[in-house]
Amino acid sequence: MHLRSFRIFSNKLWNILIYCATIVFIFIVIAKIIKASTFLLTDGYTTEEIPVEEETTTEASYDLSTYNTKTRKGLVTLEELNEKVFNPLGFEIIYPSFPIPTLRMTKLMEPTCATVFSEYLETTESAFSMPDEVSNDVPQLHKNDFLMSGYAAFKQAFPNGDEKSDCPKNWDRISELMELGKEELIKISDKEDTESMFSALHLYPVKRMSGLVVGSVIPWLEVMALQHGAASILTVESNELDIEEEYRDRLSSIDPLEFSKKSGMYTESFDFAATFAFVERSGLGLNREPMNPIGDLREIMKIKCVLKRGGLLYLGIPYGIDSVKFHSHRTYGSLRLAMMFSGFEWVATFSGRSPKRVQLKAQQKQSTNLFGTARYTFVLRKI
């Protein structure tokens with residue numbers, strides 16, 4: 001009886017030992033296979049010896065010749081645009097996003113905030129010393145710069161007596177405007193597609209934030225921001241604004257030249273900035289302003305300098321195919337928008353036809369808004 005029990009026990013123990021030995025053998029084989037595979041994949045380097053290339057593989061891996069975007073010349077490769085449009089202006093493509101490629105300014109070309117404002121002061125003050133008139137001469141010397149080496153369309157237009165006046169009004173009626181609903185406020189704005197700005201502020205509110213508004217003769221934008229919770233707003237405007245006394249603790253204004261001279265005290269001080277139907281005219285020679293091919297880009301640089309990191313920019317500009325209607329305005333397509341968006345995260349886009357966010361991918365393929373003024377509001381966040 002005892003002998004039989006011993007034999008049974010011995011057989012079980014033997015089976016257990018065989019099972020364990022098999023498991024160990026399998027693990028050894030797997031380990032050798034993994035080691036051999038690692039050696040082959042790393043070309044003979046051990047794990048500790050593998051050269052690190054993480055920082056260079058992502059950007060270098062894009063073949064820009066395989067990506068296209070729409071211009072007034074038709075579809076053009078990003079490789080060609082990077083060489084002929086972006087690089088000469090100090091930008092480079094870091095990601096071939098669609099429909100607007102993602103850019104950054106090169107370290108050698110990116111100006112400091114002090115340089116941005118000082119160059120603006122120099123050119124603007126010299127222009128104000130010239131006769132008070134708009135030249136009818138297209139700047140042939142810089143026409144290629146205005147048109148981004150011919151990838152933007154050109155049309156000439158001159159101011160006439162039928163154009164609406166830029167004289168300030170309704171600044172002494174802020175309390176009345178604050179009682180208006182969306183439709184009434186849009187009506188007094190005297191501009192098309194201002195509902196896009198209302199929708200942007202509604203979905204991305206500015207509660208308890210301090211803000212900057214650039215270019216404003218009628219305070220519809222300021223009132224919209226106040227209605228959506230803004231704590232205070234500084235408006236940069238060349239005209240003198242007679243702000244209603246009751247709101248002078250929340251609204252104030254400053255001349256663009258004075259603002260630039262005091263730019264140091266405003267560096268990264270605003271939670272948000274907003275501008276509508278203003279930037280597209282910058283640098284086109286209106287209102288004694290100097291003609292400058294990058295006047296609009298410099299306005300965005302100035303705004304970026306005074307926005308806090310993470311601050312929001314509500315940018316209302318014409319969207320379509322890149323074009324310039326001289327002296328009137330620019331229309332922004334994939335090329336110009338890419339440079340405007342540099343240093344920002346593109347958060348959302350709104351049109352004047354819907355309170356919801358819109359996607360530009362399908363629209364960009366069919367867009368024929370050449371020289372048009374259909375404005376969209378882009379919400380951007382400073383990186």
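The values are calculated or read from the model by the stated rules, or taken from the named source; none is laboratory data. Here the structure is a predicted model, which means the values were calculated and not measured. Glycine also receives a Cβ, built like all others from the backbone with ideal geometry; neighbour counts cover every protein chain displayed.
Of the residues S232, S269, S253, which is farther than 21 Å from L180 by Cα and free of Cβ contacts under 8 Å to residues at least 40 places away in the same chain?
S253
Quick one: count up the residues across the range 83-119 that are outside any strand (DSSP E or B), more than 19 Å from K304 (Cα to Cα) and not hydrophobic (A, V, I, L, M, F, W, C).
The qualifying residues number 8.
Within the range 211-224, is there a residue that is surrounded by fewer than 16 Cβ atoms within 10 Å (Cβ to Cβ), in the same structural domain as D166 (by TED's automatic domain parsing) and not charged (D, E, K, R)?
Checked against the condition, which is being surrounded by fewer than 16 Cβ atoms within 10 Å (Cβ to Cβ), in the same structural domain as D166 (by TED's automatic domain parsing) and not charged (D, E, K, R), the range 211-224 yields no hits at all.
Considering only residues that are at pLDDT below 90, part of a helix (DSSP H, G or I) and among the β-branched types (V, I, T), which ones fall in the range 120-175?
T123, T124
I want to confirm something. Restricting to the range 338-356 and keeping residues that are assigned to a strand (DSSP E or B) and either touching a Phe, Trp or Tyr at 6+ places or on another chain (Cβ under 6 Å) or among the aromatic types (F, W, Y) (or both), which single residue is nearest to V116 (Cα to Cα)? Give the steps one after another, and end with the answer.
Kept after step one, since they are assigned to a strand (DSSP E or B), are these residues of the range 338-356: 344-350.
Cutting the leftovers down to either touching a Phe, Trp or Tyr at 6+ places or on another chain (Cβ under 6 Å) or among the aromatic types (F, W, Y) (or both) gives us 344, 346, 349-350.
Values: F344: 17, W346: 23, T349: 27, F350: 29 Å.
Here the answer is F344.
Listed here are the residues, each with its yes/no results for (1) in contact with a Leu (Cβ under 6 Å, 6 or more places away or on another chain); (2) not acidic (D, E).
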residue: V279; (1), (2): no, yes
residue: N292; (1), (2): no, yes
residue: D296; (1), (2): no, no
residue: V306; (1), (2): no, yes
residue: I321; (1), (2): yes, yes
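Identify all residues within the range 77-90 that are surrounded by fewer than 19 Cβ atoms within 10 Å (Cβ to Cβ) and among the β-branched types (V, I, T); write none if there are none.
Scanning the range 77-90 gives a single hit, T77.
In the range 204-225, what residues are in contact with a strand residue (DSSP E or B) (Cβ under 7 Å, 6 or more places away or on another chain), among the hydrophobic types (A, V, I, L, M, F, W, C) and assigned to a helix (DSSP H, G or I)?
L221, A225
If I ask for residues that are small (G, A, S), in contact with a helix residue (DSSP H, G or I) (Cβ under 9 Å, 6 or more places away or on another chain) and closer than 15 Å to Y376 by Cα, which ones from the range 308-337 would you list?
Within the range 308-337, G316, G333, S334 meet the criteria.
State whether one or more residues within the range 363-373 are surrounded by fewer than 23 Cβ atoms within 10 Å (Cβ to Cβ) and closer than 20 Å to L103 by Cα.
Filtering the range 363-373 for residues surrounded by fewer than 23 Cβ atoms within 10 Å (Cβ to Cβ) gives 363-373.
Among the residues that remain, those that are also closer than 20 Å to L103 by Cα are: 364.
Yes, the range 363-373 has at least one match.
Name every residue in the range 269-314 that is closer than 13 Å to M339 by Cβ and within 14 Å of the chain's Cα centre (by Cα), in order of residue number.
Across the range 269-314, the qualifying residues are V279, D296, L297, R298, E299, I300, M301, K304.
How many residues, within the range 307-321, are in contact (Cβ under 8 Å) with a residue 60 or more places away in the chain and either crowded, with 23+ Cβ neighbours inside 10 Å or closer than 21 Å to T194 by Cα (or both)?
Total meeting the criteria: 9.
Among the residues of the range 193-203, are any part of a loop (DSSP other than H, G, I, E, B) and surrounded by fewer than 20 Cβ atoms within 10 Å (Cβ to Cβ)?
If we filter the range 193-203 for residues that are part of a loop (DSSP other than H, G, I, E, B), which is where we start, we get 193-194.
This time we only want the ones that are surrounded by fewer than 20 Cβ atoms within 10 Å (Cβ to Cβ), so: none.
Looking through the range 193-203, none of the residues is part of a loop (DSSP other than H, G, I, E, B) and surrounded by fewer than 20 Cβ atoms within 10 Å (Cβ to Cβ).
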